[in-house]
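The values are calculated or read from the model by the stated rules, or taken from the named source; none is laboratory data. These numbers come from a predicted model, not from an experiment. Cβ placement follows ideal geometry from the backbone for every residue including glycine, while neighbour counts extend to all protein chains displayed. We work out accessible area using only protein heavy atoms, side chains counted, and drop any ligands, DNA or RNA first. Shrake-Rupley method; radii C 1.70, N 1.55, O 1.52, S 1.80 Å.
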Amino acid sequence: IDFMKKTVNAYFLQGLRNQLVALLKEKGITDEKVLEAIRAIPRHYFLDSAFSKIAYEDRAFPIDADQTISQPYTVAFQSQLLKIKKGDKVLEIGTGSMYQTAILAALGAKVYTIERQKLLFEKTTAFKNVFGDEFPDVYFSFGDGFEGLPEFAPFDKIIITAAAPKVPEKLWEQLKVKGIMVIPLDESENAQRMLRLTKKKDGLAKRESFEQFSFVPMLQGKSQS
Ligand code: SAH
């Protein structure tokens, strides 16, 4: 009976994920690889179990340390802008629930991700237990995302998953020429403009501007909670 329950549950959740993918398509996500990753990654693993039945609704949810797991549409949108190629070295700022991390790994990226909340960072050991075999190329770090990870630079892509007050200079330096940074930049108190910045040979940015989103703030320094 336990086995049957698990099987039924797995089909049920796959059905919900398929519905989510259909919704994301309606909302304008076109990248098949991104949609495939969303279809494959069990978002309910990244939420507190109380939320697992609604994990496939297109909305953000609270996680520990007063943070949030991004809305699937946001994750899909940022992932699509990054144009991930297999083997890309990707720096993610704001590990949070690790859902975006898993999507990047499913797209074939080598992911380096930074979280400033100790509690959330401590939870990242769970990723290795569940996804370690499938996605061995994920490196978690506890630190201030404004500093990046100079020891692993340069990166092909950089994704910032918190509201940035400005383009962090040190991160821009850690991006390869022709590399892409996807960053939600503060426009007003509760709204960020999604930007895709491509690094030109002269080090300047080609700037593309997309719709507005709402993120938790990117904060300086580390937090021990
Ligand atoms: N990618 C995450 C989004 C979580 S919300 C997900 O899909 O769940 C944004 C996260 O960024 C929060 O966990 C927050 O603690 C973290 N964050 C904010 N400022 C940061 C900084 N300077 N360095 C690293 N992480 C930061």
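What the table below lists for this structure:
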| item | result |
| --- | --- |
| Residue in the stretch 100-107 that is outside any helix (DSSP H, G or I), surrounded by 19 or more Cβ atoms within 10 Å (Cβ to Cβ), within 15 Å of the ligand (Cβ to nearest atom) and touching a residue at least 24 places away in the same chain (Cβ under 8 Å) present | yes |
| Sole residue being near the ligand (Cβ under 10 Å from one of its atoms) and in contact (Cβ under 8 Å) with a residue 24 or more places away in the chain, chosen from 70, 79 | 70 |
| Qualifying residue in the stretch 191-200 (condition: more than 29 Å from residue 63 (Cβ to Cβ) and touching a residue at least 24 places away in the same chain (Cβ under 8 Å)) | yes |
| Total residues in the stretch 29-56, condition away from the ligand (no atom under 15 Å from the Cβ), part of a loop (DSSP other than H, G, I, E, B) and open to solvent by 30 Å² or more (accessible area, probe 1.4 Å) | 2 |
| Which numbered condition residue 164 fails, given (1) in contact (Cβ under 8 Å) with a residue 40 or more places away in the chain; (2) open to solvent by less than 70 Å² (accessible area, probe 1.4 Å); (3) over 17 Å from the mean Cα position of the chain (by Cα) | (3) |
| Residue 114 vs. criteria at pLDDT 95 or above and either near the ligand (Cβ under 7 Å from one of its atoms) or part of a loop (DSSP other than H, G, I, E, B) (or both) | yes |
| Residue in the stretch 123-136 that is closer than 30 Å to residue 44 by Cβ, open to solvent by 40 Å² or more (accessible area, probe 1.4 Å), near the ligand (Cβ under 10 Å from one of its atoms) and part of a helix (DSSP H, G or I) present | no |
| Residue within the stretch 15-25 that is at pLDDT 95 or above and outside any helix (DSSP H, G or I) present | no |
| Extreme residue, nearest to the chain's Cα centre (by Cα), among residues of the stretch 170-225 that are surrounded by 15 or more Cβ atoms within 10 Å (Cβ to Cβ), β-branched (Val, Ile, Thr) and away from the ligand (no atom under 16 Å from the Cβ) | 180 |
| The stretch 64-98, residues that are under 22 Å from residue 152 (Cα atoms), of a type in the set (A, V, I, L, M, F, W, C) and in a loop (DSSP other than H, G, I, E, B) | 84, 98 |
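Residue-by-condition table, conditions (1) touching a helix residue (DSSP H, G or I) at 6+ places or on another chain (Cβ under 8 Å); (2) hydrophobic (A, V, I, L, M, F, W, C):
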| residue | (1), (2) |
| --- | --- |
| 140 | yes, yes |
| 143 | no, no |
| 187 | no, no |
| 191 | no, yes |
